[in-house]
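Peer 1: Handing you this structure, nothing more for now.
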Amino acid sequence: MLNLLILPLYLLEKLVIDLDSQWSWFPLAILQGGQMCSRHNPRLIYSTGGPASAHLAAAVIARRHNIPWIAEVQDPLVHGDWLRSKRAFRIFSWLERFVCTRADAVIFLTDEARKRADKRTGLGKRGWAIYPGSDPAAMPAVTYKRGQFCSFAHFGSLGGSRNLKVFLEALGQVLVECPALAEVIRLDLYGSCDYLSRNLINDFPERRVIRDMGRIPRRESLVAMKCCDILLLIQNTEEFSAETIPSKTYEYLHAGRPILGLVHENPELGRMLASLGHTVVAAADPEAVKNGIKCLVDEWANRCSEIPHKPSPFTTVAAICDLLEVADNIGG
């Protein structure tokens, strides 16, 4: 009943303001942050997250208390394939300029995101790119053993333009050219699927090839990562994909298994994977994906996939060291 009562106000807010759902808490965040500054006398304000309201609150707190401020932008505030209203675009463009002008340093999770924000705002030397990485110590101590099948494993949600369409089209071509591989190849899915991927799975001619594991606890998924034959990474096929790296990438890199990366117009991610010996193909090109599948299956058949891949340098410790360097540079 309460939801029904506030629904008109919610719709009015979306029509008039059209901001993220978290925007309304930033005045209270300013109040709480100000109290914490008075109590603890911090040397640095650090804001991080997708919602721009977090950075707006940090800007006010930093200015009131005359404290250096670092803003970490996790997702591009403004990007090319904008689907929201023109009003929202103007607001978020202003917010991006505000953050990039007022913050002492702005952290981006890819260098491409930093470059594009710099072109829009004149960010200059206050912009930094730091890969967040992941913790290799979180990976369970299990040893890969080659099994009966060559399993491609995807972890995480499938939805929107990150779906199985191109991969299944490529896999179907592989099985048409070599039907015997239906006895060898398996696609294991860990996580959730939207209706599109679910329909693609149900319509796939060789349904037995696909094994839907559903959602499993995190530790079990990490064990499965280390035990599968090939990790499947699928990127969104949208313009902002050029500025983002899926967070699952960093866990994949610490699993020590070969990765087939379906990458969309993102040379930065492509170089990251290729430099550590993984396979990179165009996410929208079924022929390229088909060749990648065949190459990796051949490596598995020749036991080449049992050779450990190069260790990943993208760790949380490395990211923290880079952040401390930024803080030192601004005198935090």
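The values are calculated or read from the model by the stated rules, or taken from the named source; none is laboratory data. Keep in mind that this is a model prediction, so the values were computed, not measured. Note that each Cβ is placed from the backbone with ideal geometry, even for glycine, and that neighbours are counted across all protein chains shown. For accessibility, only protein heavy atoms count, side chains too; no ligands or nucleic acids. Shrake-Rupley method; radii C 1.70, N 1.55, O 1.52, S 1.80 Å.
Peer 1: Does the stretch 209-247 hold any residues that are touching a His at 6+ places or on another chain (Cβ under 7 Å) and either in a helix (DSSP H, G or I) or among the β-branched types (Val, Ile, Thr) (or both), and which are they?
Peer 2: Result: Ile234, Thr237, Glu239, Phe240, Ser241, Glu243.
Peer 1: Criterion first (open to solvent by 40 Å² or more (accessible area, probe 1.4 Å), modelled with pLDDT of 95 or more and within 29 Å of the chain's Cα centre (by Cα)) does Glu183 satisfy it?
Peer 2: no
Peer 1: Also, quick follow-up: Checking Ser312 against (1) of a type outside the set (Lys, Arg); (2) closer than 16 Å to Ile130 by Cα; (3) open to solvent by 70 Å² or more (accessible area, probe 1.4 Å), only one condition comes out false. Which one?
Peer 2: Among (1) of a type outside the set (Lys, Arg); (2) closer than 16 Å to Ile130 by Cα; (3) open to solvent by 70 Å² or more (accessible area, probe 1.4 Å), the lone unmet condition for Ser312 is (3).
Peer 1: Any residue at all in the stretch 94-106 that is within 19 Å of Tyr250 (Cα to Cα), in contact with a helix residue (DSSP H, G or I) (Cβ under 8 Å, 6 or more places away or on another chain) and of a type outside the set (Gly, Ala, Ser)?
Peer 2: Scanning the stretch 94-106, I find no residue that is within 19 Å of Tyr250 (Cα to Cα), in contact with a helix residue (DSSP H, G or I) (Cβ under 8 Å, 6 or more places away or on another chain) and of a type outside the set (Gly, Ala, Ser), so the answer is no.
Peer 1: Right, here's the next one. Condition first: out of contact with any strand residue (DSSP E or B) (no Cβ under 6 Å at 6 or more places or on another chain), within 16 Å of Ser305 (Cα to Cα) and open to solvent by less than 20 Å² (accessible area, probe 1.4 Å). Now tell me which residues in the stretch 264-283 satisfy that.
Peer 2: Passing the criteria: only Leu276.
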